[in-house]
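In what follows, a structure is listed as structure tokens, so that the remarks can point back to it.
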Amino acid sequence: MSSSLLRPPSHLPPATALHNSQQAPNILNNSPGAVSTSVIQSLLSTSESQELWTTYENLLLSLLRTGDDDSAHLCLARLAKRFGDDNERVMALKGLIKEADANDTATLEIILKEYDQILQDNPTNLPIVKRRVALLRSMGRTPESITALISLLDVSPTDAEAWAELADLYFSQGLYSQAIFALEEVLVLQPNAWNVHARLGEMLLMASKTSDAPRHLAEALKRFSRSIELCDDYLRGYYGLKLTTTQLLSEPQKASKQTEPDELAVPSSATVQKLDEAATEKLAEIVRRHTAGERDWQGYEEAEITAARELLEKASEKTVR
Amino acid sequence: MARLPVQTIQRDPQLFYWILFPITVVMVLTGILRHYATVLMATSPKKLDQKTMREQRSMLHGVATRSNFHVLSGPSFRARRDYLTNAYETGAFLKSPDQRGQPPPNPMTDPGAMDGMMGMMKNNMAMMIPNTLIMSWINAFFSGFVIIKLPFPITVKFKSMLQAGVATREMDPRWMSSISWYFLCIFGLQSVFNFLLGSDNAASQMAQQMGGMGPQAGAQMFGPGVDPDKQFKIETENLAVVEHYSVLDGVEDRLLEGIMSK
């Protein structure tokens, strides 16, 4: 049983997802359909493990992604048999399958009605609340989706996943400052998530194009630095750092007036210069070693490497000119 | 001092089949039975209604903000602090805002609290009744039997522990009485239960007692008889005294130092 099935498959590359779902017949045949609850049998047979059910859940998601709906239904049936039809997670998975089966908007509307019905009976059914948000979003009704998410976060403000989704929704609407706020909430809950630091840096960098450039750029620089500090060789962090320093160096910022005493200030241009050099060097190293096929440097995604290479080429063109 | 002659006691080998073995089997079976009784009697955790969940998670949100304030920049931390402090003080997160200032309900009359207590009672009962029964069973049938000799020497101090129920002063403490074997089983069968029932079983009482200590902290925070309004006030003060600094202060210098030193 491959270990990739034990982790949530949301960010797996397509090849791995396909590989996982190709394993499905094997897993479905070899694993027990339902673990008996009778005392004697459970003494004799191997005991059920948590991994088994995690595998089923993740397998189901991979199967839906690769379009093997029949096996997905089988997975769901086994999960439902074990945990009961009224288990919250099973309910959410069931809704997910229905959404996948739906062909037109009318069917989706019916599913949405069902979710509303479930939530009327039990407003704290968080998996269903989240499904509803996702369904609204996929139906293109982003503002409603944001409203639903906000009411969820009012009840449960410690849900980092929901905050991250809210940030993404706001970002898709171009509301940078709201998105930044939501991402900061994610960081409050998960203070050492370097990818969130980098993501926040990216948002700040984009926000700096629209308003209040020096402050946003300064914070973006610091966010990227923090994410690299937390995770060495983090390509996205270095990439963002390089972009930010290029921006800062190309248009020298006038010293922003310090409105508040502890506002983040843009570091001195010497520091920015040094950071720029360091980032360029590191990006070059990552690209070189990845392309050379060194064994420890293969973890990067191909697209990110390509982007980094292009960025470097563009930068060197500029210096040549 | 002359070496004491090795004591030998002629034991009927049947003692093994009729005392040692039955006691062990009975102990293992009770453990398994207790496990399944606990599983059957366990009530599923009570579902929180929306308002309680909001109250508790808002509290935790404040705690998270207070303990991870360093990831935020100065202005964004102050904005959050002002919002949380204001909401805590006006009681915006309270489950029932109109009950502010009133003393919390008596936990004995609160039906929600009764559930928790009943659960504890049940667990204790599942522990106590079989133990009492088995102990009296052993006392009635097997008291005074010396059943095995430990394969290692042991000091006299253990005599009262190992030879409970056998009132012989001169006997080597290595000899064990049946009631002592029972006690040894109580404490020693944990690994057997782990093997039979998996590691999170409810069979052994040692694990139960340990487990009893663990979740106390979580229960106390939101437990019955705690006034959430007071907790919010405390949290407000905690937030107010936070002296803000940010990890972002000087992070670029730290980073450059780190890169340079490599």
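Some notes on this structure:
- Backbone phi angles across segment A:194-209, fed through the Karplus curve with coefficients 6.51, -1.76 and 1.60 (θ = phi - 60°), yield HN-Hα couplings of 5, 5, 6, 4, 5, 4, 4, x, 4, 4, 5, 4, 5, 5, 5, 5 Hz in residue order; Gly and Pro are listed as x.
- At least 30 Å² accessible surface lost relative to isolated chain, residues of segment B:31-58 (1.4 Å probe): B:TYR36, B:LYS47, B:GLN50, B:MET53, B:ARG54, B:ARG57
- In degrees, nearest ten, helix A:213-230 long axis to first principal axis of chain A (Cα): 60
- On Cα atoms only, tilt of A:126-138 relative to the major axis of chain A in degrees: 60
- Ligands, DNA and RNA left out, the 1.4 Å accessible surface of segment A:197-321 is 50% carbon and sulfur atoms.
- Using alpha-carbon coordinates, inclination of helix A:269-291 to the longest axis of chain A, degrees: 50
- Residues of type lysines that A:LYS81 reaches as a straight line, Cα spacing below 16 Å, ignoring anything fewer than 8 places off in the same chain: A:LYS94
- Considering only A:LEU149, A:LEU135, A:LEU74, the Gaussian network model of chain A with Cα springs below 10 Å gives its largest mean-square fluctuation to A:LEU74.
- Close amide H partners of B:ILE148, meaning residues 5 or more places away or on another chain with modelled amide H under 5 Å apart, are B:MET176.
- Take the accessible area of A alone and of B alone, subtract that of the pair with a 1.4 Å probe, and the total buried over both chains is about 3400 Å².
- Based on Cα contacts under 8 Å between residues 6+ apart, segment A:89-191 shows a relative contact order of 18 percent.
- Across segment A:64-74, rounded Karplus estimates of 3J(HN,Hα) from the backbone phi angles (6.51 cos²θ - 1.76 cosθ + 1.60, θ = phi - 60°) give 4, 5, 9, x, 8, 5, 4, 5, 4, 4, 5 Hz, Gly and Pro being marked x.
- Listed residue pairs exceeding 24 Å between alpha carbons, taken from A:LYS98/B:LYS95; A:LYS222/A:LYS282; B:LYS46/B:LYS233; B:LYS47/B:LYS233; A:LYS209/A:LYS318; A:LYS209/A:LYS242: A:LYS98/B:LYS95; B:LYS46/B:LYS233; B:LYS47/B:LYS233
- Shielded residues, segment A:207-231 - accessible-area loss of 30 Å² or more between chain alone and all protein chains, probe 1.4 Å: A:LYS222, A:ARG223, A:SER225, A:ARG226, A:GLU229
The values are calculated or read from the model by the stated rules, or taken from the named source; none is laboratory data. The model shown is predicted, which means the values in this text are computed figures rather than measured ones. These accessible areas exclude ligands, DNA and RNA; they are computed on the full protein's heavy atoms, side chains included. Shrake-Rupley method; radii C 1.70, N 1.55, O 1.52, S 1.80 Å.
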